[in-house]
Amino acid sequence: MGALLSKLGIMGSTNPIVADGAEPPSSGIKVIIVGAGFGGLTAAIECVRQGHSVVIYESFPELKSLGDIISFGSNGGRIFHRWANGSITAKMRAISIDLQNHGFKIRKFDTGEVIRHQLSPPRDLEAPTFNGHRGELHEIVFDHAKELGIPIELGKRVVRYFENEKEAGVELEGGEMVRADMVIGSDGVRSKARTLVLGYEDKPKSSGYAVFRAWFSNKDMIADPRTKEFCTGGDTFNGWIGPDVHFLFSTIKNGSDCCWVLTHKDEHDIDESWSFPGKLDDVYKVLEGWDPMCRAIVEKTPSIVDWKLVYRDPLPTWVSKEGRIALLGDAAHPFLPTSAQGATQALEDGVTLAVTLKRAGKANVPAGVRAYQDIRYDRVKKVQKLGEATRDMWHKTDFEKVKKDPKSIELPREDWVMKFDAERHAEEVFEKVMKKFM
Ligand SMILES: Cc1cc2nc3c(=O)[nH]c(=O)nc-3n(C[C@H](O)[C@H](O)[C@H](O)COP(=O)(O)OP(=O)(O)OC[C@H]3O[C@@H](n4cnc5c(N)ncnc54)[C@H](O)[C@@H]3O)c2cc1C
C-alpha cells in the first residue's frame with residue numbers, strides 16, 4: 001500500500017489538500033466511468049486519490065495514438081503535478097513544446113511581419129503548461145491510471161444508462177449490466193449520457209468555422225532552405241492572423257515534429273469528428289494572398305484532417321434527474337480550440353467531482369453530484385467565451401490599432417483561468433454550496 005500511496009502522490013507530496021501522509025480513507029462510493037479520454041482518466045485517478053473505487057468502460061478496443069496538438073494550461077499542469085510526486089509532469093515535459101527561448105510570434109497574414117512577440121511566462125514547476133501530441137500525452141495518463149490498478153475495460157461500449165433513487169448503472173453492448181453509486185458520462189462530444197441527462201438529443205450546430213490540422217516529421221522542412229529555420233534552433237511557435245482566418249504553426253521535440261492548425265470560415269454542417277480527411281488544395285485556396293511562408297510550410301504536409309467546428313449552446317444541466325449520473329468534459333461542454341482549455345476544463349471537472357463526492361459521503365451522492373455542477377458551471381461557461389473572444393479578436397484585427405497597442409493581440413493568459421486550483425477551490429466552497437442540496 002505504501003507504494004500505491006506514493007504513486008498517488010499522497011505520501012511525502014507537497015499537495016496542500018490530499019497530503020496528510022495517510023492512506024485516503026475509503027469513502028465506500030463506487031463510480032462507473034464511461035470513456036477513457038483525458039476527462040474520464042483524470043476523474044478515475046482523482047476518485048482514487050479521494051478514496052472512491054472506480055471502473056472505466058471505453059469503447060476503443062486498444063489504446064491508439066490519435067489526434068495532434070493539444071494544450072493544457074497551468075491550471076491543468078497543477079493537477080498532473082500532484083500525481084506520482086511530479087513524475088507524470090516530468091514525462092510530459094520531455095515530449096511537450098518548450099517555448100522558453102522562442103515565445104509566440106504573432107504575424108500579419110499577408111506580409112508575415114511580426115506584430116507582437118509574446119514571451120512565455122517563467123516556468124512554474126508546480127503548475128506547468130503543456131502543448132504536445134494528444135496521443136502521446138494521453139498514453140502517459142493512461143499508463144498512470146493502469147499503474148494505480150484502475151480497471152480500464154477496453155472494447156466495452158456503453159449502450160444505455162439508467163438510474164433510480166438508490167443506484168445508477170450502464171448496459172454494455174452484449175447485454176451485461178453494471179451498477180454503482182453513480183456514473184460519470186465522460187463519453188466525449190457525441191455523448192450518449194447527455195441524451196439521458198437532458199431527456200432529448202442535443203444536436204450540434206455549425207459554428208461557421210472549420211480547422212484543417214496536421215502533425216508531421218521535419219524531414220521535408222529541413223530540406224527546404226525557406227523552412228529549415230523552424231526546425232534547427234529548438235521549438236518554435238508562430239501565428240499568422242488575417243480576416244476570418246488564423247494559421248498557427250509550431251515545432252516540437254527540439255524541432256523534430258511539426259504541427260499546424262488553420263481555422264477558417266466553413267458553413268458545412270457535419271458531425272463532430274477528428275478523423276475526416278482534408279485536401280491540401282482546399283488549404284491553398286484559403287491561403288491565397290497570404291505570406292508565402294504559410295504555403296511553404298503546408299506543402300510539406302503528408303496528410304491533413306478537416307475538422308468542422310460545431311457549436312453547442314450551454315446545456316441546461318449536466319446532472320440526471322436522480323442526481324446519480326453526471327456529464328463531464330466534452331460531453332458536458334465542448335470548447336473551441338482557440339480557448340486552449342477544452343482538455344484542462346475536463347481535468348478540473350474530474351478533480352471537483354472527486355472532492356464533492358468525498359465531502360458529501362456515500363449517503364449523499366446525489367447532493368455531491370449536484371454540488372459538482374454548481375461549482376463548475378459558471379466557470380466553464382466563462383472560459384468557453386474566452387475561446388470565442390480570442391478567435392474574433394484575431395479574425396477582425398485592425399492592424400493600425402495593433403501598431404499602437406501590440407499587447408492587445410496577445411493570446412490571453414488570464415490569472416483567473418491559469419492560476420486556478422480546482423482541488424483547493426472545491427474544498428473551500430463545498431460546505432456553502434452543499435447547503436443548497438441538502
Ligand atoms: C480520437 C480523438 C482525437 C482528439 N484529438 C484532439 C486533438 O488533436 N487536439 C485537441 O485539442 N483535442 C483533441 N481531442 C479532444 C480532446 O481530447 C478533448 O476535447 C478533451 O481532452 C476532453 O476529453 P474528454 O475525455 O471529455 O473526451 P474525449 O477525449 O472525446 O474522450 C471520450 C472517450 O469516450 C469514449 N466513448 C464514447 N462513447 C462511448 C461509449 N458509448 N462507451 C464507451 N466509451 C465511449 C471515446 O472512445 C473516447 O475515448 C480528441 C478526441 C478524440 C476522441
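The values are calculated or read from the model by the stated rules, or taken from the named source; none is laboratory data. The structure displayed is predicted, hence computed values, not measured ones. With ideal geometry, Cβ positions are generated from the backbone for all residues, glycine too; neighbour counts draw on all protein chains shown.
Does at least one position in region 189-207 carry a residue that is out of contact with any strand residue (DSSP E or B) (no Cβ under 8 Å at 6 or more places or on another chain), within 15 Å of the ligand (Cβ to nearest atom) and part of a helix (DSSP H, G or I)?
yes
Can you find, within region 41-76, the residue that is farthest from the ligand (Cβ to nearest atom) among those that are over 24 Å from MET418 (Cβ atoms) and in a helix (DSSP H, G or I)?
Checked region 41-76; the qualifying residue farthest from the ligand (Cβ to nearest atom) is VAL48.
Being in a helix (DSSP H, G or I) and either closer than 27 Å to GLY368 by Cβ or touching a strand residue (DSSP E or B) at 6+ places or on another chain (Cβ under 9 Å) (or both) is the filter here; which residues of region 394-417 pass it?
Those that are in a helix (DSSP H, G or I) and either closer than 27 Å to GLY368 by Cβ or touching a strand residue (DSSP E or B) at 6+ places or on another chain (Cβ under 9 Å) (or both): TRP394, HIS395, PHE399, VAL402, LYS403, PRO406, LYS407, SER408, ILE409, TRP416, VAL417.
Here are GLU113, GLU126: which of them is touching a helix residue (DSSP H, G or I) at 6+ places or on another chain (Cβ under 9 Å), of a type in the set (Asp, Glu) and away from the ligand (no atom under 16 Å from the Cβ)?
Answer to the selection: GLU126.
Quick test of your reading of the structure: ILE325 fulfils all but one of (1) β-branched (Val, Ile, Thr); (2) more than 30 Å from GLU163 (Cβ to Cβ); (3) within 16 Å of the ligand (Cβ to nearest atom). Name the failing condition by number.
Checking ILE325 against (1) β-branched (Val, Ile, Thr); (2) more than 30 Å from GLU163 (Cβ to Cβ); (3) within 16 Å of the ligand (Cβ to nearest atom), the one that fails is (2).
Name every residue in region 156-173 that is more than 9 Å from the ligand (Cβ to nearest atom) and either farther than 15 Å from PRO366 by Cβ or not in a loop (DSSP other than H, G, I, E, B) (or both), in order of residue number.
Answer for region 156-173, where residues must be more than 9 Å from the ligand (Cβ to nearest atom) and either farther than 15 Å from PRO366 by Cβ or not in a loop (DSSP other than H, G, I, E, B) (or both): ARG160, TYR161, PHE162, GLU163, ALA168, GLY169, GLU171.
Residues to consider are GLU153, GLU176, GLU147; find the one that is within 13 Å of the ligand (Cβ to nearest atom) and under 17 Å from LEU41 (Cα atoms).
When all the criteria are applied, what remains is GLU153.
For region 406-438, what are the residues that are over 27 Å from ARG49 (Cα atoms) and under 24 Å from the mean Cα position of the chain (by Cα)?
Result: ILE409, GLU410, LEU411, PRO412, ARG413, GLU414.
Looking for whichever is modelled with pLDDT under 95 and either assigned to a helix (DSSP H, G or I) or over 17 Å from the mean Cα position of the chain (by Cα) (or both) here; the options are LEU353, LEU386. Which one fits?
Checking each option against the conditions leaves just LEU386.
Considering region 239-265 alone, what residues qualify as being under 20 Å from ARG93 (Cα atoms) and of a type in the set (S, T, N, Q)?
Within region 239-265, SER250, THR251, ASN254, SER256 meet the criteria.
If a residue must be crowded, with 23+ Cβ neighbours inside 10 Å and of a type in the set (S, T, N, Q), how many such residues does region 159-215 contain?
2
Is it the case, given these coordinates, that ALA346 is within 16 Å of the ligand (Cβ to nearest atom), in the same structural domain as PHE72 (by TED's automatic domain parsing), crowded, with 24+ Cβ neighbours inside 10 Å and more than 21 Å from GLY35 (Cα to Cα)?
Considered against the rule, which asks whether it is within 16 Å of the ligand (Cβ to nearest atom), in the same structural domain as PHE72 (by TED's automatic domain parsing), crowded, with 24+ Cβ neighbours inside 10 Å and more than 21 Å from GLY35 (Cα to Cα), ALA346 comes out as no.
Return yes or no: is ARG93 part of a strand (DSSP E or B) and more than 16 Å from the ligand (Cβ to nearest atom)?
no
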